[in-house]
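The values are calculated or read from the model by the stated rules, or taken from the named source; none is laboratory data. Quick caveat, the model's predicted, so the values are computed rather than measured. Counting neighbours? That spans all protein chains shown, and the Cβs are built from the backbone with ideal geometry, glycine included. Surface areas here come from the heavy atoms of the whole protein model, side chains and all, with no ligands, DNA or RNA. Shrake-Rupley method; radii C 1.70, N 1.55, O 1.52, S 1.80 Å.
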Amino acid sequence: MKIAFFDAKPYDKPSFDRYGEMYGIVFKYYETKLTEDTVGLAEGADGVCVFVNDTVNAAVIDRLCEMNVRVVALRCAGFNNVDMKYAFGRIHVLRVPAYSPYAVAEHTMALLLTSIRRIHKAFIRTRDYNFSLAGMTGFDLHGKTVGVIGTGRIGRVFIDICRGFGMRVLAYDKFPVPGLDNGDTIRYVSPEELFRNSDIISLHCPLTEETYHIIDAVSLEQCKRGVVLLNTSRGALVDAEALLAAIKSRRVGAACLDVYEEESDFFFEDYSGHILDDDTLARLISMPNVIVTSHQAFLTEEALSNIAETTVQNLIGFFEHGECPNELCYRCGEASDCKTGKCF
């Protein structure tokens, strides 16, 4: 079995080579992203393996089908970069629904603690032998209210971490998890109540038409003054221009972003010797109360191993057994995991 592997990074290869060798899969690695211009590299492959910033639109799908490529294996949970409606009946799409919710949830908390305790600023100061504490005052998490939008695997792990700090949780999810709301320290509420009463807001939901720009000028205006915003989910959940305006008006006290709406043009690459063309991203990074990491929340040894293993098992299930529990299907719901496995 031959798989064209796009947007390959050095940290991807060890795990995929290990599991590929175990199951007889040959991965051909390409550093370039999958686009309409690069899709021809998949010629002769049985499938393609793609990541969050690869493009799987109608034109790419048509070209893959022309080359008899039968499957798109996403090595991630999100699939907003795939035209699922167009893919239906043309090509199979597999994903990794969970690789390490702990990796993303722990990174989210690391960002929060770094921001509110000024750890990043202290690191820079002490390297210059500046041991002043002026401007370094933070605040306790204990007793604060955190609003968690999205209570899937990652959201629930983050809630557990927050409860360990003694925080009160307000949660919102279109599909509430039975038993999570205890009527006291964890409660499901409306988005409006969450915005009004949260000291910290953390996003852990998928990107859909409903959640696109769930954080915009209107929702930010409803938030407490000085709210801390965390996003380690999908960039387009946040209207970056509205966030920038809210930071400038002091409505948002701090923002920690591991994702960005236009990240595909910049993240995962080294632009240290260049002028950043994206003015909004450049201004966000320049803000003293903003921390940006480049989509690294998933990047742990455990997660990389789980991603590779699940991706390989998905491919084996599809090609050798004719079905895969992690296949995505447009017919069974709004691009949700296929409930039948037999929708073609």
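Out of the residues in segment 289-309 that are in contact (Cβ under 8 Å) with a residue 60 or more places away in the chain and in contact with a strand residue (DSSP E or B) (Cβ under 9 Å, 6 or more places away or on another chain), state the one that is farthest from Glu269 (Cα to Cα). Give the steps one after another, and end with the answer.
Our first condition is that a residue be in contact (Cβ under 8 Å) with a residue 60 or more places away in the chain; within segment 289-309, this holds for 289, 291, 293, 295-300, 302-309.
Right, trim to in contact with a strand residue (DSSP E or B) (Cβ under 9 Å, 6 or more places away or on another chain) and you get 289, 291, 293.
Values: Asn289: 24, Ile291: 18, Thr293: 12 Å.
So, considering only residues that are in contact (Cβ under 8 Å) with a residue 60 or more places away in the chain and in contact with a strand residue (DSSP E or B) (Cβ under 9 Å, 6 or more places away or on another chain), the one farthest from Glu269 (Cα to Cα) is Asn289.
It is to be established whether one or more residues within segment 94-102 are over 29 Å from Val292 (Cβ atoms) and open to solvent by less than 50 Å² (accessible area, probe 1.4 Å).
Within segment 94-102, one or more residues are over 29 Å from Val292 (Cβ atoms) and open to solvent by less than 50 Å² (accessible area, probe 1.4 Å).
Whether any residue in segment 4-27 is of a type in the set (Phe, Trp, Tyr) and either under 16 Å from the mean Cα position of the chain (by Cα) or over 18 Å from Leu304 (Cα atoms) (or both) is what I want to check. Break it down stepwise before answering.
We begin by selecting, within segment 4-27, every residue of a type in the set (Phe, Trp, Tyr); these are 5-6, 11, 16, 19, 23, 27.
When the remaining residues are screened for being either under 16 Å from the mean Cα position of the chain (by Cα) or over 18 Å from Leu304 (Cα atoms) (or both), the result is none.
Looking through segment 4-27, none of the residues is of a type in the set (Phe, Trp, Tyr) and either under 16 Å from the mean Cα position of the chain (by Cα) or over 18 Å from Leu304 (Cα atoms) (or both).
Could you tell me whether segment 33-53 includes any residue that is outside any helix (DSSP H, G or I), open to solvent by 10 Å² or more (accessible area, probe 1.4 Å), without any contact (Cβ under 8 Å) to a residue 40 or more places away in the chain and within 17 Å of Arg234 (Cβ to Cβ)?
So far as segment 33-53 goes, no, none of its residues is outside any helix (DSSP H, G or I), open to solvent by 10 Å² or more (accessible area, probe 1.4 Å), without any contact (Cβ under 8 Å) to a residue 40 or more places away in the chain and within 17 Å of Arg234 (Cβ to Cβ).
Within the bounds of segment 64-75, is there any residue that is within 16 Å of Ala42 (Cβ to Cβ), in contact with a strand residue (DSSP E or B) (Cβ under 7 Å, 6 or more places away or on another chain) and open to solvent by 50 Å² or more (accessible area, probe 1.4 Å)?
So far as segment 64-75 goes, yes, one or more of its residues are within 16 Å of Ala42 (Cβ to Cβ), in contact with a strand residue (DSSP E or B) (Cβ under 7 Å, 6 or more places away or on another chain) and open to solvent by 50 Å² or more (accessible area, probe 1.4 Å).
Between Leu180, Leu194, which is open to solvent by less than 10 Å² (accessible area, probe 1.4 Å) and aliphatic (A, V, I, L, M)? Write out each step before concluding.
Values: Leu180 fails: open to solvent by less than 10 Å² (accessible area, probe 1.4 Å).
The match here is Leu194.
Can you name every residue in segment 58-107 that is more than 20 Å from Pro206 (Cα to Cα) and polar (S, T, N, Q)?
Asn68
Among the candidates Ala245, Ala240, Ala254, Ala217, single out the residue that is under 30 Å from Glu31 (Cα atoms) and among the hydrophobic types (A, V, I, L, M, F, W, C). Step through it out loud before you land on a result.
Numbers: Ala245 fails: under 30 Å from Glu31 (Cα atoms); Ala254 fails: under 30 Å from Glu31 (Cα atoms); Ala217 fails: under 30 Å from Glu31 (Cα atoms).
The unique qualifying residue is Ala240.
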